[in-house]
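The values are calculated or read from the model by the stated rules, or taken from the named source; none is laboratory data. Worth saying up front: this structure is predicted, and the values here are computed from it rather than measured. Counting neighbours? That spans all protein chains shown, and the Cβs are built from the backbone with ideal geometry, glycine included. For accessibility, only protein heavy atoms count, side chains too; no ligands or nucleic acids. Shrake-Rupley method; radii C 1.70, N 1.55, O 1.52, S 1.80 Å.
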Number of protein chains: 2
Amino acid sequence: VRFAAIGTGLKYDDRHDVMLAELVPGTTVAGVFTKSATRSAAVLDCQSKIAADDDGGAAILVNSGNANAFTGSYGLASVIALTDRVADTLKIAQSRVFTASTGVIGEPLAHDKIIRKLNDLNAALSAGSAQSAACAIMTTDTYAKGSTAEVSIGGHPVKIAGFAKGSGMIAPDMATMLCYVFTDAAIPRPVLQEMLVHTVNTTLNCITVDSDTSTSDTTMLAATGTSGAGQITGIDTPAGQAFYTGLHHVLLDLAHQVVRDGEGATKFVELRVSGAHSDADAHRAAMSVANSPLVKTAIAGQDPNWGRIVMAVGKSGARADRDRLSIWFGDILVAENGWVSPEYAESAGAAYMQQSDLLIRVDLGIGAHSATVWTCDLTHGYITINADYRS
Amino acid sequence: VRFAAIGTGLKYDDRHDVMLAELVPGTTVAGVFTKSATRSAAVLDCQSKIAADDDGGAAILVNSGNANAFTGSYGLASVIALTDRVADTLKIAQSRVFTASTGVIGEPLAHDKIIRKLNDLNAALSAGSAQSAACAIMTTDTYAKGSTAEVSIGGHPVKIAGFAKGSGMIAPDMATMLCYVFTDAAIPRPVLQEMLVHTVNTTLNCITVDSDTSTSDTTMLAATGTSGAGQITGIDTPAGQAFYTGLHHVLLDLAHQVVRDGEGATKFVELRVSGAHSDADAHRAAMSVANSPLVKTAIAGQDPNWGRIVMAVGKSGARADRDRLSIWFGDILVAENGWVSPEYAESAGAAYMQQSDLLIRVDLGIGAHSATVWTCDLTHGYITINADYRS
């Protein structure tokens, strides 16, 4: 996979804002996208192309600074113009050009500015430019997010590498902001898609910064087949499981990096809910706690305010019994049997909350299902970024 | 109805924190309560008593500073001790004493401090003390919330008066924080309950400050029958409709006051969604916009960022078609047919957002159903209150 990044002045004057990834012929591509009812033209275009069983050369073009979302027929025209010219430039089929745009919603995308730089982008393509590609798609992100893994498939080393952007408007539903993962494994498209969906459901779909779901969420996985390892024919084969382990590592790592870089975040919080009546109930209760402004502000204030966790479980809609609920901060048992634990000392809870990485566990005490999600705190920084920055 | 308020030092040293309301024999009482799965002992006690067809003398006792929620068997013991002693003091049945507690969750309620003051409270009861009762139940509220209406029932004037508290943890589900309404109309309990449920569904259940639902939400309506007007036998009778109009006025007024006093709020926002496929979809889309941190911070920043409204409609789960969506700020058409309106000037939107009272309208363009909800902005003030204040 070769990458290039360039500055086109779409919104920012002094940084790269467009990245191009070129995928060799034989590459299979899988993708998951936002379930938003107001998704962008680029997402709709990718969704219409992703299911095709075509493994010719392919490309991914992403810009930051403008989401090209809610831009009506003009938005679709931009996508067509861009994919048309990228196909011409790289001599591939237009149906194999995938785009994404991230930034302000509702303003027309000046796609001509990008088209003017396509020859330069093409000339700059190199295998060593993944880092600058990752930087080019950032918006309010404070750092680029990348992750790699290497797994062994029938004795052949196979690489998996990905990058992502995302900091606010993070409550992925089938995907997160923008996330691209590449591997040199050989995997037929249906198997690749199944692997991606499975992995996203326990990684990117389990994070939230602010409960707001983007109109542009896109995660794509491309397998070039150039490693020399044998084809992976199913997720349940030994090779499939080995690859899945590596893919899960990369997507979980990227998901955590997105949360750590959550707008204004000062704390990284892992929330584990166990003892639930169903998997869905466990996820619902965990997300309710993770999205509660009162829980998130208490965490920002380093206040071991477990009463707000009780509140958030109660409002979640998950089946719960107040008198069977238990709560831990790390290994500290805080509440059990419907009340504060007799061994709990507020000073221990307060000391624990000073850490930057927190583990909060809730056991509902009524079933055997569990879920883990990740979130950050809600601080003055989030307000400053979003009351002043037009994103 | 006679009221009294007193300071018991539960949490605050220099203010009243307990209120008592005495209801004459013949009073019917209706109530709606939080649907939280972790609701408090006082809520459970009220729910068990409210359906009884008893119209003897009754009382309502409310304290602030401690929610007596998630306090296990001790919490229930506090409710029993309080209702027992209030019944003794006022010489009424324990089954007619309703309590509520608001404040910090998870700490035991020092009910002895309240019991010691019951004789003083009883001696202080007076018809003119509603205002001090309303003040005694405040927590982070910055002012007491009251409202009155007078309607004519068969030529007899009938009064309706109520007060409420609430500022944070406001996303009522069947009720809001604490709200008490009194009338001298004569209304049988089943009719009174039906009136209350109907009214709450379009008033208190349509507001949100921060999407967090309290464990103690309680709204009660008491009808003393002392006005001399004839009994109201049904909601669909002329007298029932007259009363309903007055009750709706009082509850909507109180709901708006709660939003205006939302923690850290600087803006009052009315959100109207029309053109929805169903009433539930309209409410879901409106609440999604009203609860979106990115919409609320844009409003705080006086930014006419309608793209975030598109995002919040998209994630709501309500049926929507991006290209049929229209958005107005007040009377200013901002977006239509999936894009910004050709007549829209950003300067007009920016000027509109400077106002303290805002109307945002969204038409989904796919049906005939609508909903209206009210919310406030999300500011640094909210973070300051909730990262530092243990509520």
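Screening the candidates B:Ala41, B:Ala30 for the property of being within 30 Å of A:Arg324 (Cβ to Cβ), under 22 Å from the mean Cα position of the chain (by Cα) and in contact (Cβ under 8 Å) with a residue 24 or more places away in the chain yields one hit, B:Ala41. Quick check on B:Ile383: is it more than 8 Å from chain A (Cβ to nearest Cβ) and either under 24 Å from the mean Cα position of the chain (by Cα) or not aromatic (Phe, Trp, Tyr) (or both)? Here the answer is no, as B:Ile383 does not meet what is asked. Scanning the stretch B:334-367 for residues that are closer than 27 Å to A:Lys35 by Cβ and either open to solvent by 10 Å² or more (accessible area, probe 1.4 Å) or assigned to a helix (DSSP H, G or I) (or both) gives B:Glu336, B:Asn337, B:Trp339, B:Val340, B:Arg361, B:Asp363, B:Gly365, B:Ile366, B:Gly367.
Across the stretch A:375-391, the number of residues qualifying as in contact (Cβ under 8 Å) with a residue 40 or more places away in the chain and open to solvent by 20 Å² or more (accessible area, probe 1.4 Å) comes to 7. When the stretch B:114-132 is limited to residues that are assigned to a loop (DSSP other than H, G, I, E, B) and aliphatic (A, V, I, L, M), the one that is nearest to the chain's Cα centre (by Cα) turns out to be B:Ala127. Where strands (runs of 3 or more DSSP E) fall wholly inside the stretch A:1-113, the ranges with 1 or more residues that are more than 23 Å from A:Glu194 (Cβ to Cβ) and not aliphatic (A, V, I, L, M) are A:2-6, A:18-23, A:58-66, A:97-104.
Look at (1) over 24 Å from B:Phe163 (Cβ atoms); (2) away from chain A (no Cβ under 14 Å); (3) touching a Gly at 6+ places or on another chain (Cβ under 8 Å); (4) among the hydrophobic types (A, V, I, L, M, F, W, C) and you find that B:Ala37 fails only one, number (2).
All told, B:Ser101 falls short of being away from chain A (no Cβ under 14 Å), under 24 Å from B:Thr215 (Cβ atoms), of a type outside the set (A, V, I, L, M) and crowded, with 24+ Cβ neighbours inside 10 Å.
If you go through the stretch A:337-349 and keep only what is within 9 Å of chain B (Cβ to nearest Cβ) and farther than 25 Å from B:Ser211 by Cβ, you end up with A:Asn337, A:Trp339, A:Val340.
Across the stretch A:44-67, the number of residues qualifying as touching a Phe, Trp or Tyr at 6+ places or on another chain (Cβ under 9 Å), within 14 Å of chain B (Cβ to nearest Cβ) and open to solvent by less than 10 Å² (accessible area, probe 1.4 Å) comes to 1. Do we have B:Ala130 as open to solvent by 20 Å² or more (accessible area, probe 1.4 Å), away from chain A (no Cβ under 14 Å) and either in contact (Cβ under 8 Å) with a residue 24 or more places away in the chain or not small (Gly, Ala, Ser) (or both) here? Criteria met by B:Ala130. Select from the stretch B:104-122 the residues that are touching a residue at least 60 places away in the same chain (Cβ under 8 Å) and open to solvent by 30 Å² or more (accessible area, probe 1.4 Å) and write down the one among them that is nearest to B:Gly75 (Cα to Cα). Here the answer is B:Ala110. The conditions of being open to solvent by 30 Å² or more (accessible area, probe 1.4 Å), free of Cβ contacts under 8 Å to residues at least 40 places away in the same chain and among the charged types (D, E, K, R) are met by B:Arg284. In this structure, B:Ile92 does not satisfy being open to solvent by 10 Å² or more (accessible area, probe 1.4 Å), at pLDDT 90 or above and over 24 Å from B:Thr224 (Cα atoms). Please work out if B:Ala164 is in contact with a helix residue (DSSP H, G or I) (Cβ under 6 Å, 6 or more places away or on another chain), small (Gly, Ala, Ser) and crowded, with 24+ Cβ neighbours inside 10 Å. Spelling it out, B:Ala164 is indeed in contact with a helix residue (DSSP H, G or I) (Cβ under 6 Å, 6 or more places away or on another chain), small (Gly, Ala, Ser) and crowded, with 24+ Cβ neighbours inside 10 Å.
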